[in-house]
Amino acid sequence: MNVLLFGKPGAGKGTQAPLLAKSLGVGTLATGDVLRSATREGTPLGKKAKEFMDRGDLVPDEVILGIVGEALSRPGYARGAILDGVVRTVPQAEGMQRVLQKLNRKVDAVLAFDIDNDEIVRRLGGRTVCGNCQTPYMGRAPGETCEKCGGTLMRRKDDEPEAIRNRLAVYQEQTAPVFDWYKRNGARVATVDAVGTVDDITRRALKALGR
Ligand SMILES: [Zn+2]
């Protein structure tokens, strides 16, 4: 079973990926991870990707999809994969379909972890980080003191309400056409309510997958 995960920023997709993988007996695959290991191992595609990264350019979809395809053909993914953040656009969805077809597989389901936007702004807005040692804190205000090193807590620019709303708008704009594409192409597409305990959310996700 191959499941593609989507999630608004702050919806906990990264927490759910390994839990779902364990329940389903499949591997997790995140683009950043396979890209890093391919460049580290110096595979032909890894070398190609590194050339782009060294120039400060984005690695093209076709190189990334090649690396993802190589990873998926390994034994750890024989039973399938939880694909975390692998597809973000319709061209990437089409590319992924070609990669999976070669392996005689397909995306069986697409799960989108969803939370009300105001709740996300509230959650991420409650996040601060020590400006000195980078320790993250929840529910602490900017300007307070870090317990670990005495540094001053600050809010990341990314976590300012305006920036969060902007990221949410980008997510909405990018993903809506991708969901439509998967519906047209026969995948099970479901939205999972991501408010609640980690266990609750995992249970809902598995139910959406028919488990
Ligand atoms: Zn600190």
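The values are calculated or read from the model by the stated rules, or taken from the named source; none is laboratory data. Note that the coordinates shown come from a computational prediction; the quantities given were computed from them, not determined experimentally. All Cβ positions, glycine included, derive from the backbone under ideal geometry; neighbour counts span all protein chains shown. Areas reflect the complete protein model, heavy atoms only, side chains present, ligands, DNA and RNA absent. Shrake-Rupley method; radii C 1.70, N 1.55, O 1.52, S 1.80 Å.
Structural remarks
- If you filter the range 143-153 down to residues that are in a strand (DSSP E or B) and without any contact (Cβ under 8 Å) to a residue 24 or more places away in the chain, you find that the one that is surrounded by the most Cβ atoms within 10 Å (Cβ to Cβ) is THR152.
- Every residue from the range 73-84 that is without any contact (Cβ under 8 Å) to a residue 60 or more places away in the chain and either open to solvent by less than 40 Å² (accessible area, probe 1.4 Å) or of a type in the set (Phe, Trp, Tyr) (or both): TYR77
- Those residues of the range 180-201 which are part of a helix (DSSP H, G or I) and surrounded by fewer than 18 Cβ atoms within 10 Å (Cβ to Cβ), in sequence order: ASP180, LYS183, ARG184, VAL198, ASP199, ASP200
- From ARG204, ARG140, ARG156, ARG127, residue being away from the ligand (no atom under 16 Å from the Cβ), surrounded by 12 or more Cβ atoms within 10 Å (Cβ to Cβ) and in contact (Cβ under 8 Å) with a residue 12 or more places away in the chain: ARG204
- Matching option when the condition is open to solvent by 10 Å² or more (accessible area, probe 1.4 Å), among the hydroxyl-bearing types (Ser, Thr, Tyr) and more than 28 Å from VAL192 (Cα to Cα), among THR39, THR31: THR39
- Subset of the range 159-170 that is open to solvent by less than 70 Å² (accessible area, probe 1.4 Å) and touching a helix residue (DSSP H, G or I) at 6+ places or on another chain (Cβ under 7 Å) - its residue that is farthest from the ligand (Cβ to nearest atom): LEU168
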